[in-house]
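What follows is a set of notes on a single structure, which appears directly below.
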Ligand code: OGA
Ligand code: ZN
């Protein structure tokens, strides 16, 4: 990317990039992002924005090699690297190695189409770690296989990404049928498709479920891409989509030790209107409290989404084997399991979470060092 022309206006620098076209850099932005505005070591901004005139006046710009030298009327001179101007053309997001476009899937993905990576390769090689994380980000789920038969083998993989997200269920959790359960996951009953902990202000990001034993009858897993469900709902029933993305509903988990509640929509959109999060858990959706006059329409929308989650056209089903770990974006992909019969064998999953922020940070660090 090269600058083919530079033009100075008192209030802005105009650059023509070939072949990308024109970019306008307002003078105050140029001063706010002058290399001298940043600490040389931490690269954090040290400039006090209010120390600048609100309309700095640009008088001259000239390119010498890989630098554009900018002169201002107050005497300030900036040495602006061309790559900074190229990377930060106003009106566009700077490139981000963690911004991986989701590849939506439905039942057509099939278990054989699931990204699958071997634990030891991820642990030993950063290129493998990155390739696995990129697959997991795009598809929203993946399988790591050939794990050691050790309780922490899955956690060791999660920790290659970043620190764990602790929740009221602990730093890690055991999914086994337990006496005195505080959560349906800790029984042997069916768990319909859901996301974990939508009752949290920020639900946990990536979930890791390492299967240590799955010998009981039943206990198969199922998954669905919440983004695909939402996009298909948007296409076929825009009014239902609107209600699920605009009306916040209450979610609540409570037991002896905690009472964690939030209000949030089932479908969260980013500022561009793209689906960025799904909260779906009929067990901990609390008592709806929207005004009565919108309740019938809301129930219709909520039931339409629920019916889609039951449609095999969206479902991926298979039974995890000991030594496998399923990894998925809990804020995108819905997960569930069929009932199992604990009298026929032992079933044990060891789980933990790593938030999206840590996941994305690791992707960016890996992009610095691997190809
Ligand atoms: C859970 C859960 C799935 C399973 O623990 O939240 O959904 O396969 N478990 O037991
Ligand atoms: Zn769950």
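Going 7 Å from the Cα of residue 73 along its beta-carbon direction, which residues of the stretch 1-24 have the amide nitrogen within less than 11 Å of the resulting point?
From the stretch 1-24, the list is 10-11.
Out of all Cα-Cα pairs in the chain, roughly what percent, to the nearest whole number, are more than 27 Å apart?
Across the chain, Cα pairs with separations above 27 Å total 58 percent.
Per-residue counts of other Cβ atoms within 10 Å, averaged by peptide: what ranking do you get for 155-161, 362-368, highest first?
155-161, 362-368
For Cα pairs less than 8 Å apart in space and 6+ apart in sequence, what is the mean separation divided by the residue count of the chain, i.e. the relative contact order in percent?
Computed value for the chain: 23 percent relative contact order.
What residue among 18, 146, 51 shows peak mean-square fluctuation when the chain is described by a Gaussian network model with Cα springs under 10 Å?
Evaluated over the chain, the most mobile residue of the options is 51.
With label points built 7 Å along Cα→Cβ from the Cα atoms of residue 288 and residue 246, find their separation and express it in nm.
1.6 nm
Expressed in nm to one decimal, what extension gain is obtained for the pair residue 87 and residue 28 from 0.36 nm per residue of sequence separation less their Cα-Cα distance?
Residue separation times 0.36 nm, minus the Cα-Cα distance, leaves 19.5 nm.
Roughly how many whole Å is it from the C-alpha centroid of the stretch 85-138 to that of the stretch 205-242?
Computed from Cα coordinates, the inter-centre distance equals 19 Å.
If we count other beta carbons within 10 Å of each Cβ, what is the order of 171, 325, 306, fewest first?
Starting with the residue having the fewest Cβ neighbours, the order is 171, 306, 325.
Modelling each spin label as a point 7 Å along the Cα-to-Cβ direction, I'd like the residue 51/residue 156 distance in nm, to one decimal.
5.1 nm
So if each residue of separation counts as 0.36 nm, and I subtract the Cα-Cα distance between residue 256 and residue 322, what length gain in nm does that give?
20.5 nm
Between residue 44 and residue 274, what is the label-to-label distance in nm when each label sits 7 Å out along the Cα-to-Cβ direction?
Output for this residue pair reads 3.0 nm.
Could you check which residue among 345, 273, 65 shows the biggest mean-square fluctuation in a GNM of the chain with a 10 Å Cα cutoff?
Taking springs between Cα atoms under 10 Å, the residue moving most is 65.
Suppose R0 equals 45 Å; then what is the FRET efficiency for residue 108 and residue 3 from their Cβ-Cβ distance, rounded to the nearest 0.05?
0.50
Once R0 is set to 35 Å, what does the formula 1/(1 + (r/R0)^6) return for the Cβ-Cβ distance between residue 14 and residue 166, expressed as a FRET efficiency to the nearest 0.05?
0.10
Could you work out, for the stretch 2-87, what percent of all Cα-Cα pairs fall into each 10 Å distance bin, beginning at 0 Å and stopping at the bin that holds the largest distance?
Using 10 Å bins, I get a P(r) of 17, 52, 27, 3 for the stretch 2-87.
Nearest-5 percent of antiparallel DSSP beta bridges in the chain?
Antiparallel bridges: around 95 percent, rounded to the nearest 5.
Between the stretch 243-270 and the stretch 15-65, how far is it from one alpha carbon centroid to the other, in angstrom?
Between the Cα centre of the stretch 243-270 and that of the stretch 15-65, the gap is 42 Å.
If you take the C-alpha gyration tensor of the stretch 230-320, multiply each eigenvalue by 5 and take the square root, what semi-axes do you get, largest first, in whole Å?
Calculated on Cα positions only, the semi-axes equal 22, 19, 14 Å.
Anyone know which of 265, 179, 312 comes out most mobile in the 10 Å Cα GNM of the chain?
Result for the chain, Cα springs under 10 Å: 179 fluctuates most.
So if R0 is 30 Å, what FRET efficiency would residue 95 and residue 311 give, r being the distance between their Cβ atoms, rounded to the nearest 0.05?
After rounding to 0.05, the efficiency reads 0.20.
All of the numbers you see were taken from the coordinates with simple rules; none came from a lab. All figures in this text were calculated on a predicted structure; none of them were measured in a lab. Cβ sites come from the backbone with ideal geometry, for glycine too, and all protein chains shown count toward neighbours.
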